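Since every read-out is calculated from the coordinates, none of them should be taken as a lab result. Note that the structure is predicted; figures quoted are calculated from it, not measured. A quick note on method: Cβ atoms are made from the backbone with ideal geometry, for glycine too, and the neighbour counts reach across all protein chains shown.
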Amino acid sequence: SQQGEEDPQALSIQEGENATMNCSYKTSINNLQWYRQNSGRGLVHLILIRSNEREKHSGRLRVTLDTSKKSSSLLITASRAADTASYFCATALSGGYNKLIFGAGTRLAVHP
Amino acid sequence: DTAVSQTPKYLVTQMGNDKSIKCEQNLGHDTMYWYKQDSKKFLKIMFSYNNKELIINETVPNRFSPKSPDKAHLNLHINSLELGDSAVYFCASSQRMAGRWADTQYFGPGTRLTVL
């Protein structure tokens, strides 16, 4: 089945810097979502972008979607130590039952 | 006031045992899910119920049996536990809106299952 792939697998930056994570997928989607998982916790929804949208913002988050390249990116601006977590992209397939296919995630470490 | 709760949080058991994990959501959602997250953090859907009806059933051993007594609860029973079942199991819920399936899912805190 389709699976998202994320890049990089791990990212280490200093507070105040921007963090960019990329996600690629294989087949047509209804939407793409980004989730955050803090260590030992459940996933928290960050942002959803539909297949007919190209860019979306939420606070310090900016998500882009390029359906021609089957890729998305998540940009976190002015990162904080509290942003340290794993970030997952998840694709909802066209015509599916809200079945989300998750990527392997990017582990982000933000150092004070 | 946890939105999606799971019990237990940790479960340690011997191979061959049968165990259950419970999930409850107080968000009023009509759809619930079970996911398995392996040691490499890869998250994969197992089952989904909409209004107590099974709608997603991935290629999961039939030792795993979900049960939804009502829209707010989705339990997972596992028979004859194996070493490979060790993982973190997450419950999630969502609400179908205007006939559209693909919407935000809300996750529980997870149940870490260790099979010895």
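Here chain A is assigned +1 on the Cβ of each Lys and Arg and -1 on the Cβ of each Asp and Glu. Its dipole about the Cα centre then comes out at about 280 debye. Using C-alpha pairs below 8 Å separated by at least 6 residues, the relative contact order for chain A is 38 percent. Using a Debye calculation, one point per C-alpha and no hydration shell, please list log10 I(q)/I(0) for chain A at q = 0.10, 0.17, 0.19, 0.20 Å⁻¹ in order. With no solvent term, the Cα-only Debye profile gives -0.26, -0.74, -0.92, -1.01. Basic side chains Lys and Arg get +1 at the Cβ, acidic Asp and Glu get -1 at the Cβ, and with that the dipole of the protein assembly as shown about its Cα centre reaches some 120 debye.
Placing R0 at 25 angstrom, the Cβ-Cβ distance between B:M15 and A:A109 gives a FRET efficiency of 0.10 after rounding to 0.05. Considering only Cα atoms, the convex hull volume of chain B works out to 98 Å³ per residue.
Can you tally the net charge around A:L100? Count Lys and Arg as +1, Asp and Glu as -1, for every other residue whose Cβ sits under 11 Å from the Cβ of A:L100. Computed value for this residue: +1.
Among B:Y89, B:Q37, B:I55, whose Cα projects farthest towards the positive end of the dipole of chain B, with charges put on the beta-carbon of Lys, Arg (+1) and Asp, Glu (-1)? Farthest towards the positive end: B:Q37. Other residues within the sphere of radius under 14 Å centred on the Cβ of A:S24, judged by their own Cβ, net out at -1 (K and R +1, D and E -1). Count Lys and Arg as plus one, Asp and Glu as minus one, and take only other residues whose Cβ is under 13 Å from that of B:D18; the net charge is then 0.
With unit charges on the beta carbons (Lys and Arg positive, Asp and Glu negative) and the dipole taken about the Cα centre of chain B, which residue among B:G16, B:M46, B:L116 sits farthest to the positive side? The one lying farthest along the dipole's positive direction is B:L116. Three principal axis extents of the protein assembly as shown based on alpha-carbon atoms, in descending order, are 48, 41, 35 Å. For region B:77-85, putting each phi into the Karplus relation 6.51 cos²θ - 1.76 cosθ + 1.60 with θ = phi - 60° gives couplings of 10, 10, 9, 6, 4, 10, 4, x, 7 Hz, in residue order, rounded to whole numbers and with x for Gly and Pro.
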